[in-house]
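Asker: This is the structure I want to talk about, given as structure tokens.
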Amino acid sequence: MSVNGLPPNAHISFRENVTQPELRQAAERSIATLIASFEKKVEQTLATDTSKSKVQTSVNAQDDRSNLQSIDQNIPDTAHIRTLAIVPPFDFTWSWFLPDGSPPTFQNLNNETGEVGLIARTGAVSGEGGMGAPGFIAAHAGFGIMLSTDREVTATGYAARRFVPKWQLSSIESADSVMVEAGTELTVLKDGQLVNSASGKLFSESVHGNGGGRYESSGYVDVTNPPSLSFTMSPGHQYTFNVGIWVFSNKSGSQHAFAESWLSGAVLSMSVVR
């Protein structure tokens, strides 16, 4: 079931058993809040001076081709605490992109398996999903679960995640600027208002002037940044714990410059310890 109250650049779909209007509205407000928060960050990114050329691999995870289900979330094993562990399908899926830019070149979001992938391609480059967009792309996608409590409690959210990161960029002329970024994020909202958030970059690369580079992981990487997110829960409120990915690409200058940011994999499980 999808929600139609969001702007055209955002979308939410719920599991069939999430039918209560107040739950759907809380999730809808949550995503609207996240969009407004991220708009400011992208404005700062686009305004950042990229005059210093920088191309280096900075994948902040461990390369691992082993079975996806073997990941360890490092959840505390304490007898007196309660742990809520959920595997796909989750309560809802969400996706959105900033309307001042272009939609993602390609998106995969499957709640039955937890698979999620995004491609942000800008400039003179083609591939899966089509040609690059003329300007920037800032896109997010992921999953959420609904939470409530009958007592005040401190909770910590975890997520098991594995992804394949990939990027490429090329800048030809002295006035060209290109940039790619991607990462994962954890967010908690109470009644649609942001309580806490954490984001970890898997890569961030930029070039100004003549230059370029590329990187592709040889397999899935265990993503542990951010490792967890803590928050306080109180009775009488509706909470959402969201786990997702984001990609960003931007190019300016000549028609030959391009940038591509790619992240594909799965959220294997979401857990809350309280």
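Asker: Quick one: accessible surface of L109, probe radius 1.4 Å, all protein chains present, in square angstrom to the nearest 10.
Answerer: Surface open to solvent at L109 totals about 50 Å².
Asker: Per 10 Å bin, what is the whole-percent P(r) computed from every C-alpha pair distance within the stretch 137-274?
Answerer: Spelled out bin by bin, the stretch 137-274 gives 12, 35, 25, 17, 8, 2, 0 percent.
Asker: Next question. For K190, K251, K201, write out the residues from largest to smallest accessible area, computed with a 1.4 angstrom probe and no ligands counted.
Answerer: The ordering from most to least exposed comes out as K201, K190, K251.
Asker: Using a 1.4 angstrom probe on the protein heavy atoms only, could you order T184, T156 from most to least accessible area?
Answerer: Ranking T184, T156 by accessible area, largest first, yields T156, T184.
Asker: Hey, another quick one. Just to confirm, what accessible area per residue do you get for the stretch 130-180 at 1.4 Å probe, in whole Å²?
Answerer: That works out to 31 Å² per residue.
Asker: Another one. Once you have the Cα-Cα distance between Q25 and N196, take 0.36 nm times their residue separation minus that, and quote the gain in nm to one decimal.
Answerer: That works out to 59.6 nm of additional length.
Asker: Calculate, for the stretch 185-274, the solvent-accessible area per residue in square angstrom, rolling a 1.4 angstrom probe over the heavy atoms of the protein chains.
Answerer: Per residue, the stretch 185-274 has 34 Å² of solvent-accessible surface.
Asker: Search the structure for amide H atoms under 5 Å from the amide H of A257, placed 1.01 Å from N in the peptide plane, and list their residues when 5 or more places away or on another chain.
Answerer: Those lying under 5 Å, H to H, from A257 are A124, I172.
Asker: Same structure, new question: Spelling out what I want: for every residue of the stretch 167-182, take phi, set θ = phi - 60°, compute 6.51 cos²θ - 1.76 cosθ + 1.60 (Karplus), and round to whole Hz; glycine and proline get x.
Answerer: 8, 8, 7, 8, 10, 9, 9, 4, 8, 6, 9, 9, 8, 9, 8, 7
Asker: To continue, here is another question. For the stretch 31-36, take each phi angle, set θ = phi - 60°, evaluate the Karplus expression 6.51 cos²θ - 1.76 cosθ + 1.60, and give the result in whole Hz per residue in order, putting x for glycine and proline.
Answerer: Taking θ as phi minus 60°, the curve returns 5, 4, 5, 5, 4, 4 Hz for the stretch 31-36.
Asker: Moving to a separate point now. What do you reckon, how do V153, V87 stack up by accessible area (1.4 Å probe), largest on top?
Answerer: Heavy-atom accessible area, descending, gives V87, V153.
Asker: Ignoring ligands, DNA and RNA, what percent of the 1.4 Å accessible area of the stretch 149-260 is carbon and sulfur?
Answerer: Carbon and sulfur: 44 percent of the exposed surface of the stretch 149-260.
Asker: How much FRET efficiency would the formula 1/(1 + (r/R0)^6) give for T232 and E115, where r is the Cβ-Cβ distance and R0 is 45 Å, rounded to 0.05?
Answerer: For R0 = 45 Å, the calculated efficiency reads 0.90.
Asker: Can you grab the distance from the C-alpha centre of the stretch 85-121 to the C-alpha centre of the stretch 130-208, Å, no decimals?
Answerer: Taking the Cα centre of each part, the stretch 85-121 and the stretch 130-208 sit 11 Å apart.
The values are calculated or read from the model by the stated rules, or taken from the named source; none is laboratory data. Since this is a predicted model, take the numbers as computed values, not measurements. Heads up, the Cβs are rebuilt from the backbone with ideal geometry, glycines too, and the neighbour counts pull from every protein chain shown. We work out accessible area using only protein heavy atoms, side chains counted, and drop any ligands, DNA or RNA first. Shrake-Rupley method; radii C 1.70, N 1.55, O 1.52, S 1.80 Å.
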